[in-house]
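Worksheet for the structure shown next.
The values are calculated or read from the model by the stated rules, or taken from the named source; none is laboratory data. No experiment lies behind these values; they were computed from the predicted model shown. Here the Cβ is made from the backbone with ideal geometry for all residues, glycine too, and neighbour counts use every protein chain on show.
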Amino acid sequence: MLEFQHAKNKICYIVTIPVTVRAFFIQQLKFLARHGYDVSVICSDDCKLQQELGADIHYIPINIPRGLSLFGSLHAIKDLHNIIKKERFDLVQYSTPNAAFCASIASKLAGIKVRNYHLMGFRYLGATGIGRIILKTIEKISCAFSTSIECVSQSNLELGIQENLFPREKAVVVWNGSTGGVDLSRFDYSKRNEWRQQIRSELGYGEDDFVFGFVGRITRDKGINEILEAFSTCRDEAKLLLVGAEEGVDTLDQTLLQKARQDPNIRFHDRVSDVERYYAALDVLLLPSYREGFGNVVIEAGAVGTPAIVSNIPGPIDTIDEGKTALTVEMKDVADLAEKMRRIQKMDFISMGSCAAQFAKNKFDGDILCEIILERKSYLINGDLTK
């Protein structure tokens, strides 16, 4: 691997909330810092984030609004502009819609030459009416003020071009996509059986129980209504485990939700820090989402040997080898989901899981992606590589 010494090159990653940094970027931030870059992170305040980032990465807390807020956004743009202009970063990278909107404007006003939009998906696709128009306009502004756009999946890159958000020549997919790849030292396939036994014992599942699972926010757009309804029609003796924060339960069909809470075969579990162990406890991961930038849960679960059923939509279709590591379903189609859930129980899902682990290793190894990101950053700043 090529080694780079760019002691004077300063990079700043900007997102809205610390959980995004923790979920996707810590591995590559530390990698960039080890290889000669002066790395900073900007997001909302968090008392533990600096410790997790380590002494080599600068953490600058700035509040960026999560929802639509004109005055909040203007305040964030002003704060970001002041910091960016003072620090004179060589490259500013931003992810998530609000952070991208504020940071792209602030960076442009501060005269930053390399403004890189790490585009993780399109929020406006889940909106309707005037809200959709506003959100799409915000997305167009972020793309227009960026000098480069890195889409996390090829299907979303094509969608962005189709939606006239950016021209083809401005956007790329780095390697095979994803936000940060998979940390294979954490999502370790060799520990699958050990973790599976531990979690199943803790949750009261038997080794022969067939367990479907979901990992993510418990909200409508993730396809939770479809999961609950499909499971009720095809469960046989299967179990269903849903792991994640219940921040969107008010968007669900409340009749389905209450019925599910009373079903002894369905368990809701809060967000966990050791999600790799819970992936291993599952037989099949479900992600019948309405919209995704990529679908990192699919490659994480796959890395520990758990196959999936995913929506046939931009993002998730880039995380699988259909028929070998996962099955696909039509979005919002309960009958199709139920049929695929019945079908996969009769398939060799264990071999599918083995294929999923190899697929994740070959295409989404986080260590390899970090090396490619290092080369990509050198190209964006110095233009000295062909990536």
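Each row is one residue, and each column tells you yes or no for (1) among the aliphatic types (A, V, I, L, M); (2) in contact with a Pro (Cβ under 6 Å, 6 or more places away or on another chain); (3) within 26 Å of S311 (Cβ to Cβ).
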site: C143; (1), (2), (3): no, no, yes
site: I161; (1), (2), (3): yes, no, yes
site: P167; (1), (2), (3): no, no, no
site: D183; (1), (2), (3): no, no, yes
site: R192; (1), (2), (3): no, no, yes
site: Q197; (1), (2), (3): no, no, no
site: R200; (1), (2), (3): no, no, no
site: V211; (1), (2), (3): yes, no, yes
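For every residue, the table says whether it meets (1) in contact with a strand residue (DSSP E or B) (Cβ under 9 Å, 6 or more places away or on another chain); (2) surrounded by fewer than 24 Cβ atoms within 10 Å (Cβ to Cβ); (3) in a loop (DSSP other than H, G, I, E, B); (4) of a type outside the set (D, E).
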site: Y279; (1), (2), (3), (4): yes, no, no, yes
site: V297; (1), (2), (3), (4): yes, no, no, yes
site: G305; (1), (2), (3), (4): no, no, yes, yes
site: V310; (1), (2), (3), (4): yes, no, no, yes
site: I317; (1), (2), (3), (4): yes, yes, no, yes
site: K324; (1), (2), (3), (4): no, yes, yes, yes
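Answer with yes or no whether I344 is aliphatic (A, V, I, L, M) and surrounded by fewer than 24 Cβ atoms within 10 Å (Cβ to Cβ). Yes; evaluated as a whole, the condition is true for this residue.
Answer with yes or no whether K30 is modelled with pLDDT of 95 or more, out of contact with any helix residue (DSSP H, G or I) (no Cβ under 7 Å at 6 or more places or on another chain) and closer than 21 Å to S378 by Cβ.
On the way: modelled with pLDDT of 95 or more: yes; out of contact with any helix residue (DSSP H, G or I) (no Cβ under 7 Å at 6 or more places or on another chain): yes; closer than 21 Å to S378 by Cβ: yes.
So K30 fits the description; yes.
Of the listed requirements (1) out of contact with any helix residue (DSSP H, G or I) (no Cβ under 6 Å at 6 or more places or on another chain); (2) in contact (Cβ under 8 Å) with a residue 60 or more places away in the chain; (3) of a type in the set (V, I, T), T137 misses just one: (2). Out of the residues in the stretch 348-387 meeting the condition of being surrounded by 14 or more Cβ atoms within 10 Å (Cβ to Cβ) and outside any helix (DSSP H, G or I), tell me which one is modelled with the lowest pLDDT. Step by step, filter the stretch 348-387, then rank; the result is K387.
Taken over the stretch 81-116, residues that are over 24 Å from K170 (Cβ atoms) and either among the β-branched types (V, I, T) or buried (at least 16 other Cβ atoms within 10 Å of the Cβ) (or both) amount to 2.
Considering only strands (runs of 3 or more DSSP E) fully contained in the stretch 1-80, which possess at least 3 residues that are crowded, with 18+ Cβ neighbours inside 10 Å and hydrophobic (A, V, I, L, M, F, W, C)? Spell out the reasoning first.
Values: elements: 10-14, 38-43, 57-61.
The strands (runs of 3 or more DSSP E) meeting that bar are 10-14, 38-43.
Of all the numbered requirements in (1) out of contact with any Cys (no Cβ under 6 Å at 6 or more places or on another chain); (2) in contact (Cβ under 8 Å) with a residue 60 or more places away in the chain, L119 misses one, and that requirement is (1). Of the candidates T219, T233, the single residue that is assigned by TED's automatic domain parsing to the domain that holds R277 and over 19 Å from the mean Cα position of the chain (by Cα) is T233.
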